[in-house]
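In what follows, a structure is listed as C-alpha cells, so that the remarks can point back to it.
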Amino acid sequence: MSNKKETKNKMGTEPVGKLMLSMGIPMILSMMLQAVYNIVDSAFVSNMPQNGEAALNALTLAFPVQMLMVAVGIGTGVGTNALLSKCLGQGDKERANKASGNAIFLGIVIYIVFLLFGIFGTGIYIRSQTSNPMILEMAEEYLRICCVFSMGIVFFSIFEKLLQATGRSMLSTTSQITGAVINIILDPILIYGLFGIPAMGVKGAAYATVIGQIASFLAGWFFHIKYNKEIKNGLSYMKPSLKIIGRIYSIGLPAIIAQALMSFMTYGLNVILGTIGENVVTAYGLFYKIQQFILFAAFGLRDAITPIVSFNHGMKNKKRINQGVKYGMGYTLIIMAVGLIVLELFAVPFAGIFGLSGETQDLCVSAMRVIAISFPLAGANVAFQGIFQALDGGMESLIVSVCRQFLFVIPVAWGFSFLAKRPGGHVWYVWLTFIIAEFVSVLISIWFYKRLNQNKMKHMEEAAA
C-alpha cells in the first residue's frame, strides 16, 4: 500500500524531460547565486579607492577555504539528497527521517571544525601563499570572519538538499535568493561605509557574505520545517547512526572530494602561478570566480540528475533511469556551450568590471578565452558524476574528480609554468592544462559509464525477471 502510494510521487511519474527542467532550473539558479557571493565581493573590493587589486588578491588566496566549506556542506547534502530520495522512492519513511536528522547532526560537527580553523589556522594557511604583509593581513581578516560565522553556509547546504530531495527546489532557490540579495545590499554599505557606517574594506565584504549566508540558512530551515511534511523532525532522529552516516558519505564523499579538489587545485595553482607573478594569481582567481557562475549551473543540474535517477533506481525503473541520463547530459551540454559562447564574446567587458590594470586584465581575458574551450567537456564530466552517484557508483565519481581536478591539472600546470617563464613564453600555456585534463577525464567517464550501466541494468533485469 505504501509503495503504491509512493509511486504517485512526481519523481516517478512526471515526464523526465519536464521533471528535469522543473527541478533543475531552480537548482541551477540556486547554485549560480552561490557563485554570486564571491563575484559580488570581488567586484566591490577591486574597486576600493585604495589597494583594490591587492584586496582582490587577498580574496583569491582566501577563496580555496571558502570552496572547501561549500564542498563539505554541499557534499554532505548531496549524499543526504540521494539517500533520502531513494528511501522515499522505496516508501521507507523512517529511514528517510533518520537521514534528515543525521544530516543536521553532521552539519553541527562540520561547523565546529571550521570554527576552530577560523580561530587557530587562518594565519598559517595564508602565509603559505604570500609574504606580502598587506595582502596577508587582508586575507587573514577576511577568511577568519568567513570561518567563524560559517554556520550559515554549512546549514544552508544541508537544508537546501533536504528541500530538493522532496522536489521543492523553488523553496531552496528562494532561500538562496534571500541571502544573495542581502549580501549585494550590504557589500557597498560595509565595504565603502555608507549611511553613517564606517568603511570596513575587506572585513566589510566578509561580514556582508556571512550575514547573507545566515539569512539563507534561516529561510531554508523555516521552509524545511513548514513544507517538508514527508519528513519528521526531532532530536531522536538526530541521534548519530553509523549506518546512516556511512550511507550518506558513501554517496556524498565523492561529491565532497569533487568540490574539495577544486579547493586544493586552486590552492596549488595559486602557488604555481605565484612563481610567474602576483598579477597572474589575481587574474586566474578572478577568472575562476567568473567561471564558477557557469560551472555551478552544471552543478545545479547535476543535483537534479542525482535525485531523479536515484529515485527511479530505487523503483527499478530502467526506462526512466535512461531518460534521466539522456536529458541530464543533454541539458548540461547546452548550458556549457552557452557558457563557452558568452565568455568568448564578452571576456573583455567581464574583466573590465573589476577595475584591473592593463596587464592583469589581459591575463584574465586570455584565461577566459582559452579555458572556456574546456567547458563542454567539463559539463559532461559533471553530469557523469551525478549519474554515478545516483547509481551507487561512488568510486567511479571519485576517480573522475581526482583526474579532472588534480591528477591531470597540478603536474601539467607545473610543467607548463616553466615554459611560460622562459624567454618568449606565454602564460596561456598554463591555461591549456584545463582542456587536456577535461578531455582525458571524459574518456575515462565514458568507459566507467558503459561498465556501470551494463552491471546495474543487468541486475535490474534479473530482479525484474
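Determine the pairs where a residue that is closer than 15 Å to K10 by Cβ, located within the range 312-324, has a partner that is assigned to a helix (DSSP H, G or I) and hydrophobic (A, V, I, L, M, F, W, C) with Cβ atoms under 6 Å apart, the partner being 6 or more residues away or on another chain.
Listed by first residue and then by second, the contacts come to N312/I321; R320/V16; Q323/V16; G324/V16; G324/I308; G324/V309.
Looking at A390, A378, can you tell me which residue is touching a residue at least 24 places away in the same chain (Cβ under 8 Å), open to solvent by less than 10 Å² (accessible area, probe 1.4 Å) and closer than 30 Å to S46 by Cα?
A378
Tell me the residue from K98, K93 that is over 30 Å from I185 (Cα atoms), in contact with a Phe, Trp or Tyr (Cβ under 9 Å, 6 or more places away or on another chain) and open to solvent by 10 Å² or more (accessible area, probe 1.4 Å), please. Outline the logic, then answer.
Numbers: K93 fails: in contact with a Phe, Trp or Tyr (Cβ under 9 Å, 6 or more places away or on another chain).
Only one candidate qualifies: K98.
Quick test of your reading of the structure: A55 fulfils all but one of (1) farther than 30 Å from T166 by Cα; (2) open to solvent by 40 Å² or more (accessible area, probe 1.4 Å); (3) modelled with pLDDT of 85 or more; (4) out of contact with any Pro (no Cβ under 7 Å at 6 or more places or on another chain). Name the failing condition by number.
(2)
Which condition does M336 not pass, out of (1) aliphatic (A, V, I, L, M); (2) open to solvent by 20 Å² or more (accessible area, probe 1.4 Å); (3) modelled with pLDDT of 90 or more, if it passes all the others?
Against the list (1) aliphatic (A, V, I, L, M); (2) open to solvent by 20 Å² or more (accessible area, probe 1.4 Å); (3) modelled with pLDDT of 90 or more, M336 comes up short only on (2).
Among (1) in a helix (DSSP H, G or I); (2) touching an Asp or Glu at 6+ places or on another chain (Cβ under 9 Å); (3) open to solvent by 40 Å² or more (accessible area, probe 1.4 Å); (4) not charged (D, E, K, R), where does F384 come up short?
Status for F384: all satisfied but (3).
Please go through the range 434-456 and pick out each residue that is among the basic types (K, R) and open to solvent by less than 70 Å² (accessible area, probe 1.4 Å).
Initial filter on the range 434-456 (among the basic types (K, R)): 450-451, 456.
Hit for the range 434-456 is K456, nothing else.
Please go through the range 393-433 and give me each residue that is closer than 18 Å to A283 by Cα, in contact (Cβ under 8 Å) with a residue 60 or more places away in the chain, buried (at least 17 other Cβ atoms within 10 Å of the Cβ) and not aliphatic (A, V, I, L, M), ordered by number.
Result: S417, W431.
Just name the residue that is farthest from V154 (Cα to Cα) out of those in the range 89-118 that are charged (D, E, K, R) and in contact (Cβ under 8 Å) with a residue 40 or more places away in the chain. Even if it seems obvious, please write down each step before you answer.
Narrowing the range 89-118 to residues charged (D, E, K, R): 92-95, 98.
Okay, now just the ones that are also in contact (Cβ under 8 Å) with a residue 40 or more places away in the chain, so 93, 95, 98.
Details: K93: 25, R95: 23, K98: 19 Å.
My answer is K93.
Just to confirm my filter: which helices (runs of 4 or more DSSP H) fall fully inside the range 169-283 and include at least 1 residues that are surrounded by fewer than 20 Cβ atoms within 10 Å (Cβ to Cβ), touching a Lys or Arg at 6+ places or on another chain (Cβ under 8 Å) and modelled with pLDDT of 85 or more?
Numbers: elements: 169-188, 202-227, 242-274.
Ranges flagged: 202-227.
Is it the case that L163 is of a type outside the set (F, W, Y), touching a residue at least 40 places away in the same chain (Cβ under 8 Å) and open to solvent by less than 10 Å² (accessible area, probe 1.4 Å)?
yes
Of the residues A304, A283, which single one is of a type in the set (A, V, I, L, M, F, W, C) and under 19 Å from A82 (Cα atoms)? Explain how you work it out, then say what you get.
Numbers: A283 fails: under 19 Å from A82 (Cα atoms).
After applying the criteria, what remains is A304.
Does E137 satisfy the condition of being crowded, with 20+ Cβ neighbours inside 10 Å and among the acidic types (D, E)? Break it down stepwise before answering.
On the way: crowded, with 20+ Cβ neighbours inside 10 Å: no; among the acidic types (D, E): yes.
No; evaluated as a whole, the condition is false for this residue.
Here is a yes/no grid of residues against (1) of a type in the set (G, A, S); (2) modelled with pLDDT of 95 or more; (3) within 15 Å of V202 (Cβ to Cβ):
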residue: F120; (1), (2), (3): no, no, no
residue: Q129; (1), (2), (3): no, no, no
residue: P133; (1), (2), (3): no, no, yes
residue: A139; (1), (2), (3): yes, no, yes
residue: S150; (1), (2), (3): yes, yes, no
residue: F159; (1), (2), (3): no, no, no
residue: L163; (1), (2), (3): no, no, no
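Between a residue in the range 189-213 that is within 20 Å of G73 (Cβ to Cβ) and polar (S, T, N, Q) and any residue that is modelled with pLDDT of 95 or more and assigned to a loop (DSSP other than H, G, I, E, B), which pairs come within a Cβ distance under 8 Å, given they are 6 or more apart or on different chains?
So the pair list comes out as Q213/F149; Q213/S150.
S366 - would you say it is of a type in the set (G, A, S), at pLDDT 90 or above, open to solvent by 10 Å² or more (accessible area, probe 1.4 Å) and in a helix (DSSP H, G or I)?
Values: of a type in the set (G, A, S): yes; at pLDDT 90 or above: yes; open to solvent by 10 Å² or more (accessible area, probe 1.4 Å): yes; in a helix (DSSP H, G or I): yes.
For S366, the condition - of a type in the set (G, A, S), at pLDDT 90 or above, open to solvent by 10 Å² or more (accessible area, probe 1.4 Å) and in a helix (DSSP H, G or I) - is met.
Report every pair of residues separated by at least 6 positions or lying on different chains whose Cβ atoms are under 6 Å apart, first residue within the range 223-246 and touching a residue at least 12 places away in the same chain (Cβ under 8 Å), second of a type in the set (S, T, Y) and surrounded by 12 or more Cβ atoms within 10 Å (Cβ to Cβ).
N228/T166; E230/T166; I231/S100
The values are calculated or read from the model by the stated rules, or taken from the named source; none is laboratory data. Owing to the predicted nature of the structure, the values given are computational and were not obtained by experimental measurement. No Cβ is skipped: glycine too gets one built from the backbone with ideal geometry, and neighbour counts run over all protein chains shown. Areas reflect the complete protein model, heavy atoms only, side chains present, ligands, DNA and RNA absent. Shrake-Rupley method; radii C 1.70, N 1.55, O 1.52, S 1.80 Å.
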